[in-house]
Amino acid sequence: AGDPLQGFGGTDHGGGALDVVVMNPPFGALAAGTKTQLGKAYPRSKNDLLAIFVERGLEVMRTGGRLGAITSRTCFFLSSFQKWREEIVLGIAQPEVMADLGHGIMDDAMVEAAAYVLENRA
């Protein structure tokens, strides 16, 4: 079946790894039709779509590349994201900067936001 996020990759952008990935990924629980496939492909990030996008973004970057994201802030505090924080954010990446932005940042979205930059160390 291939990569469920095949449209989000670096190999079709000039044949090399990306230096920078910037995103405002969707967040929330995985849709029933993709839950099994994405869970198998991204077991460290399977609890939320934003975590999968961050992991995939780091995968398509060169070592030393930067990932910038604005997402829900809950991924940095909820226990359900502990494995993702330990193995992705602090494992293959290194946080460079984070801003806890609160409510009212993403138009009408009723979510508390955070903006951050991760350096890819993998």
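The values are calculated or read from the model by the stated rules, or taken from the named source; none is laboratory data. Please read all numbers here as calculations on a predicted model, not as lab measurements. Please note: Cβ atoms are built from the backbone with ideal geometry, for glycine as well, and neighbour counts cover all protein chains shown. Accessible surface areas use protein heavy atoms only, side chains included; no ligands, DNA or RNA. Shrake-Rupley method; radii C 1.70, N 1.55, O 1.52, S 1.80 Å.
Quick notes on this structure:
- For the residues Thr36, Thr11, the requirement of being at pLDDT below 50 and over 15 Å from the mean Cα position of the chain (by Cα) singles out Thr11.
- Gly28 being surrounded by fewer than 19 Cβ atoms within 10 Å (Cβ to Cβ) and under 17 Å from Ala114 (Cβ atoms): yes
- Per-region count, the stretch 19-43, residues of a type in the set (Gly, Ala, Ser), within 23 Å of Arg121 (Cα to Cα) and part of a loop (DSSP other than H, G, I, E, B): 0
- Candidate set: the stretch 102-122, residues that are without any contact (Cβ under 8 Å) to a residue 40 or more places away in the chain and in a loop (DSSP other than H, G, I, E, B); chosen: the one least open to solvent (accessible area, probe 1.4 Å): Ala109
- Within the stretch 60-93, being assigned to a helix (DSSP H, G or I), free of Cβ contacts under 8 Å to residues at least 12 places away in the same chain and not hydroxyl-bearing (Ser, Thr, Tyr) holds for Gln82, Arg85, Glu86, Leu90, Gly91.
- The one condition in (1) under 12 Å from the mean Cα position of the chain (by Cα); (2) open to solvent by 40 Å² or more (accessible area, probe 1.4 Å); (3) modelled with pLDDT under 95 that Ser72 fails to fulfil: (2)
- All positions within the stretch 33-69 that are open to solvent by less than 20 Å² (accessible area, probe 1.4 Å) and out of contact with any helix residue (DSSP H, G or I) (no Cβ under 7 Å at 6 or more places or on another chain): Gly39, Gly57, Val60, Met61, Gly64, Gly65, Gly68
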